[in-house]
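Visitor: So that we are looking at the same thing, I have put the structure below in structure tokens.
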Amino acid sequence: MILKFLDELRESVLLGDGAIGTEMIARGADITRGIESCNIVCPEVVLKLHEDYVSAGSIVVETNTFAANRISLAKRGMDSQVREIITSGVVLAKRAAGSKAYVAGSVGPLPKTEGEPLQREEQVLCFAEQVGYMLDAGVDLLMFESFTNISDICLAVACARALTDLPIVAQMAFGAGAKLADGTVPAEAAKQVVAAGANVVGANCGYGFASVSEAVKAISKLGVPASAFLNAGFPEQVENRLFYKSSPSYIAQRSIELVGHGARLVGGCCGIGPETIKIIASLLSTHSESKTQSAVVTITQPVNVSAEKPVRTAPQMPGPVIVELDPPAGVNMDQVIAAARQAEEFGVSTISLADNPLASIRVDNLALAGIIRHHVSTPIILHMTSRDRNRIALQSTVMGAHVLGLESLLCITGDPVRMCEDTSTSGVFDVSSVGLVRLVSEFNYSIMNQGTDRPPVAIGVALNPNVRSIAGQITKLKRKIEAGANFVMTQPVFSVERYYMLRDAMVESDVDIPVYLGLLPLLSLRNAEFLHNEVPGIVIPDNIRQKMDQYTNVEDQRKAAMDIVIDLVGKLAKDITGFYIIPQRNRIDILEPLVEETLRLVGRRH
């Protein structure tokens with residue numbers, strides 16, 4: 001079967017089937033427990049759809065197992081039925097295919113849990129289980145589809161190749177500009193998935209015909225058999241349902257164009273039904289090039305290709321003294337611009353701009369960064385939370401920061417929206433802080449592919465040492481580092497012991513990353529009590545509040561607090577990358593002694 005499928009693919013263009021999910025919905029299937037559950041909930045509907053595709057001319061029929069993995073099914077309470085659902089899916093497809101079509105085991109990307117990808121070990125187990133059950137049930141080949149990240153699909157393909165010699169088709173969803181979400185271009189993607197064990201490489205879903213077409217052209221030039229499964233255009237939402245407006249004849253014509261560009265396996269994805277497949281079959285039968293084209297060489301074994309990646313320019317790291325500014329609550333920029341100028345005069349290495357701190361309404365910090373750039377030359381760290389923006393808006397913000405030439409981004413979750421005065425406000429949280437780091441890291445990789453001479457942004461992350469057990473913070477920090485983090489900025493620390501606890505935990509866990517220790521000059525005893533009792537992430541030790549309580553005058557309390565911070569800097573300056581000073585209410589005027597002493601002790605200016 002291996003050689004038969006690959007030989008047939010070399011000699012002629014093979015026609016796949018179309019969508020399963022959108023067709024099952026259109027046919028009134030019970031999908032309350034997921035599309036894949038239909039294999040056991042309403043198998044007759046699944047069987048009829050497969051039969052309709054075979055009757056329409058499909059030579060390759062995919063099983064209804066795209067999301068039949070343990071993690072996805074667990075969300076529907078069906079994780080104990082993984083084998084049953086997959087086995088039934090294969091049996092139904094084989095029954096419909098008979099001797100007329102190949103049965104391809106469909107495998108999609110694994111879902112995220114709490115906004116984060118699974119750990120690599122768990123991914124391997126999930127893919128191995130899903131593929132193993134398909135092999136046991138007797139699929140003719142495997143088809144991985146709709147992957148948007150090159151590392152994910154390479155891992156999936158490698159898992160499968162370790163289990164079988166059956167043909168593997170690896171399809172990815174290329175976005176605008178024919179690139180994956182992580183910036184990988186089709187030719188590079190093809191090299192990597194073939195090295196992982198794929199025999200056929202292609203595109204499905206993605207950013208319309210243009211992205212699929214560019215991908216097919218690039219893949220075919222490498223001598224790799226290409227596949228292409230188009231969507232029926234972009235969906236339109238009407239009364240909470242998605243409709244695809246492209247006509248069957250239009251999609252069929254575009255599919256034939258893809259054959260002209262080198263596609264050897266064509267079919268349909270979302271919005272494509274048997275009617276469209278039938279028209280494609282008719283056009284293929286009269287398309288002479290589909291019978292004579294032989295420029296593509298079938299690869300039956302993984303080729304030994306080197307996955308060359310662009311040389312990465314090192315990001316510009318922050319200098320030793322970071323000072324934070326809050327965007328104003330109103331539209332008058334005078335005070336914050338004056339603060340930025342004063343910070344530069346003091347010799348501050350980097351200015352960081354908060355992002356709606358405490359979920360309060362402030363001027364957009366990206367816009368503020370652009371304004372400040374006109375007045376000072378000090379590098380800027382832009383805080384970016386996942387609380388207020390969806391993935392699209394986050395990517396736009398990253399692009400905007402790059403266009404403005406900002407040096408760094410601090411990727412954080414953001415203060416909870418319950419702190420906002422408007423109770424109808426809700427958080428977005430498309431990604432967690434780890435996912436946000438990964439998003440920025442993927443952007444950095446993509447601009448390196450474009451050959452830009454501007455360095456990538458440095459990626460900062462937050463860490464709170466003021467917790468009873470630091471282990472959880474270190475575990476999450478390691479995940480952020482794996483995702484691409486370059487440096488850490490901590491919540492305010494008020495004792496040497498607290499820093500050493502963090503340092504020892506990092507050393508013990510073999511975590512090596514530059515740390516900028518948070519410093520918070522207190523304005524008064526009342527201010528200290530408020531921060532300690534009401535602001536999340538800030539813990540002010542009793543001895544500091546007691547020392548401030550010795551003074552009745554606010555200025556004396558403030559001086560005592562500043563002396564404590566300066567003493568802390570003196571004890572830690574030689575043991576740390578830098579300090580992150582957080583002036584309350586943008587009170588830059590009180591920072592000059594602290595900044596001067598810090599720069600003197602650290603011994604480096606930006």
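No value in this document is a laboratory result; all are computed from the given coordinates. On a predicted model such as this, the values are computed, not experimentally measured, just so you know. Virtual Cβ from ideal backbone geometry, glycine too; neighbours counted across all protein chains shown.
Visitor: Quick one, which of (i) 33.9; (ii) 29.3; (iii) 30.6 is the actual mean projected area of the Cα convex hull in nm² calculated for this model?
Guide: After the calculation, the listed value that fits is (ii).
Visitor: Taking the Cβ-Cβ separation of D549 and E497 as r and a Förster radius of 30 Å, what is the calculated FRET efficiency to the nearest 0.05?
Guide: 0.90
Visitor: Then there is this: Once you compute Rg and the Kirkwood Rh from C-alpha atoms, what is the Rg to Rh ratio for region 497-606?
Guide: Working: Rg = 14.8 Å, Rh = 15.1 Å.
With Rh from the inverse mean 1/r over Cα pairs, Rg/Rh is 0.98.
Visitor: If you don't mind, another one. At a Förster distance of 35 Å, what's the computed FRET efficiency of T113 paired with Q584, Cβ-Cβ distance as r, to 0.05?
Guide: Details: r = 37 Å, r/R0 = 1.07.
Efficiency at R0 = 35 Å is approximately 0.40.
Visitor: Let me ask something else about it. With a cut-off of 8 Å between alpha carbons and a minimum separation of six or more residues, what is the relative contact order of region 1-51 in percent?
Guide: Relative contact order, region 1-51: 26 percent.
Visitor: Shape verdict for region 315-459, please, from the Cα gyration tensor: rounded (a/c under 1.5), prolate (a/b greater than b/c) or oblate.
Guide: oblate
Visitor: Now, a different point. If you rank F147, F346 by fewest surrounding Cβ atoms within 10 Å, what's the result? Walk me through the numbers before you get to the answer.
Guide: Numbers: F147 27, F346 18.
Ranking F147, F346 by Cβ neighbours within 10 Å, fewest first, gives F346, F147.
Visitor: Could you tell me, in Å, what Rg and Dmax come out for the Cα atoms of region 2-292?
Guide: Every Cα atom of region 2-292 included, Rg and Dmax give 17.3, 51 Å.
Visitor: Only four residue types carry charge here, +1 at the Cβ of Lys and Arg and -1 at the Cβ of Asp and Glu. Report the dipole size of the chain about the Cα centre in Debye, rounded to the nearest 20.
Guide: 720
Visitor: If the chain between L135 and V403 were fully stretched, how many nm would it gain, using 0.36 nm times the residue separation less the Cα-Cα distance? Each step should come with its number before you reach the end.
Guide: Details: separation 268, 0.36 × 268 = 96.48 nm, distance 4.89 nm.
Going from the current span to full extension adds 91.6 nm.
Visitor: How would you rank S249, S72, going from fewest to most other Cβ atoms within 10 Å of each one's own Cβ? Intermediate results must be reported in sequence, preceding the final value.
Guide: Details: S249 13, S72 22.
So the residues, fewest neighbours to most, are S249, S72.
Visitor: Also, I was wondering about something else. Where does each of R503, R264 land when they are ranked from fewest to most other beta-carbon atoms within 10 angstrom?
Guide: R503, R264
Visitor: Using 0.36 nm per residue, how much length does the chain from A338 to I25 gain when fully extended, once their Cα-Cα distance is taken away?
Guide: 106.8 nm
Visitor: By how many nm would the segment from I371 to L601 lengthen if fully extended, with 0.36 nm per residue of separation less the alpha-carbon distance?
Guide: 79.6 nm
Visitor: Using the beta-carbon distance between D79 and A162 and R0 = 22 Å, what value does 1/(1 + (r/R0)^6) give for FRET efficiency, to the nearest 0.05?
Guide: 0.40
Visitor: Separate question: Pairing the Cα long axis of helix 248-260 with the longest principal axis of the chain, what angle in degrees results, from 0 to 90 and rounded to the nearest 10?
Guide: Long axis of 248-260 versus the principal axis of the chain: about 90 degrees.
Visitor: Now, a different point. Would you mind checking the tilt of helix 2-11 against the longest principal axis of the Cα atoms of the chain, expressed as 0 to 90 degrees and rounded to 10?
Guide: 80
Visitor: While we're on this one: Please determine, in degrees from 0 to 90 and to the nearest 10, the orientation of helix 208-221 with respect to the longest principal axis defined by the Cα atoms of the chain, where the helix direction is its Cα long axis.
Guide: Here the helix axis deviates by roughly 80 degrees.
Visitor: Quick check on the chain: helices-only [θ] at 222 nm, where DSSP H runs of length 4 and up contribute -39,500 (n - 2.57) each and the sum goes over total residues. Nearest 500, please.
Guide: Result for the chain: -13500 deg cm²/dmol, rounded to the nearest 500.
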